[in-house]
Amino acid sequence: MEEIADGITLHWFDNDNIAHFMIGRVDGNRADTLSEAVLNMLYDWPLDMEIKLMFDLSISGASMQFVVLSGDIFNVGVTDDGKHHFDQFLADFPDRRVYLAVILPMSVSGRRAERTGINEHQVREQLEGATFFDREDALRWLRGF
């Protein structure tokens, strides 16, 4: 486990094939720190491996805080500036695909955050994202790629 910032940690699953960001807080400079960590990771990801990310927002309050900050539950870049850099990453690497599983709490805030996604599942040419309420379901989905 690696601490990205206070309230944000990174864990790896499946021999470093799935990056699991446990996001408890994204206030203050934490969002910028998380954005930088995710973007650096994308550029360092081995070219022969699919990019599989998990944003775990299951801690109470984290999901709505993330949505308010990012404007989109599937914002891989986290911040507005990070979104721009993520779009640039996709342009620089048109053959790369990113899979993002977002884990939400079963609370009212989690259900509201889920509604910011497109029918709990979003597909762009290079990004596929889905929401889940259970980490094992998210892992199972990511392992399918």
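The values are calculated or read from the model by the stated rules, or taken from the named source; none is laboratory data. Treat the numbers as computed from the prediction; the structure is a model and nothing was measured. For neighbour counting, all protein chains shown are included, and Cβ atoms are generated from backbone atoms with ideal geometry for every residue, glycine included.
Evaluate the following for ALA19: is it among the aliphatic types (A, V, I, L, M), within 18 Å of LYS83 (Cα to Cα) and not in a loop (DSSP other than H, G, I, E, B)?
No; evaluated as a whole, the condition is false for this residue.
Please go through region 7-26 and pick out each residue that is over 16 Å from ALA138 (Cα atoms) and in contact with a Leu (Cβ under 8 Å, 6 or more places away or on another chain).
ILE8, VAL26
This table checks each residue for (1) of a type in the set (D, E, K, R); (2) assigned to a loop (DSSP other than H, G, I, E, B); (3) in contact with a Phe, Trp or Tyr (Cβ under 7 Å, 6 or more places away or on another chain).
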residue: LEU10; (1), (2), (3): no, no, yes
residue: ARG25; (1), (2), (3): yes, yes, no
residue: ASP32; (1), (2), (3): yes, no, no
residue: ALA37; (1), (2), (3): no, no, no
residue: LEU69; (1), (2), (3): no, no, no
residue: PHE86; (1), (2), (3): no, no, no
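Do we find that ASP87 is of a type outside the set (A, V, I, L, M, F, W, C), out of contact with any Ser or Thr (no Cβ under 7 Å at 6 or more places or on another chain), within 15 Å of SER35 (Cα to Cα) and modelled with pLDDT of 95 or more in this structure?
When the stated conditions are applied, ASP87 passes them.
Give region 129-138 a look and list any residue that's surrounded by fewer than 19 Cβ atoms within 10 Å (Cβ to Cβ) and either in contact with a strand residue (DSSP E or B) (Cβ under 6 Å, 6 or more places away or on another chain) or modelled with pLDDT under 95 (or both), or say none.
Scanning region 129-138 gives PHE133, ASP134, ARG135.
Can you tell me which residues in region 39-67 are at pLDDT 95 or above, among the aromatic types (Phe, Trp, Tyr) and not in a loop (DSSP other than H, G, I, E, B)?
Residues satisfying the conditions are TYR43, PHE55.
Only residues that are within 16 Å of MET54 (Cβ to Cβ) and surrounded by fewer than 17 Cβ atoms within 10 Å (Cβ to Cβ): list them for region 11-43, please.
Matches in region 11-43: HIS11, TRP12, PHE13, ASP14, ASN15, ASP16, ASN17, MET41.
Residues of region 1-26 being over 14 Å from ALA101 (Cα atoms) and in contact (Cβ under 8 Å) with a residue 40 or more places away in the chain, which ones?
Answer for region 1-26, where residues must be over 14 Å from ALA101 (Cα atoms) and in contact (Cβ under 8 Å) with a residue 40 or more places away in the chain: ASP14, ARG25, VAL26.
Can you find, within region 108-128, the residue that is modelled with the highest pLDDT among those that are in contact with a helix residue (DSSP H, G or I) (Cβ under 8 Å, 6 or more places away or on another chain) and among the polar types (S, T, N, Q)?
The extreme case among them is GLN126.
In region 5-26, is there at least one residue being under 14 Å from the mean Cα position of the chain (by Cα), modelled with pLDDT under 95, hydroxyl-bearing (Ser, Thr, Tyr) and farther than 23 Å from ASP95 by Cα?
Within region 5-26, not a single residue is under 14 Å from the mean Cα position of the chain (by Cα), modelled with pLDDT under 95, hydroxyl-bearing (Ser, Thr, Tyr) and farther than 23 Å from ASP95 by Cα.
Give the residue that is farthest from LEU34 (Cα to Cα), with candidates limited to residues of region 52-69 that are within 11 Å of the chain's Cα centre (by Cα) and not aromatic (Phe, Trp, Tyr).
Going through the qualifying residues, I end up with LYS52.
So which pairs qualify, if the first residue must be in region 61-90 and in contact (Cβ under 8 Å) with a residue 24 or more places away in the chain, the second must be among the polar types (S, T, N, Q) and not in a helix (DSSP H, G or I), the Cβ gap must be under 6 Å, and the two must be at least 6 apart or on different chains?
VAL67/THR116; ILE73/THR116; PHE74/GLN122; LEU90/GLN126
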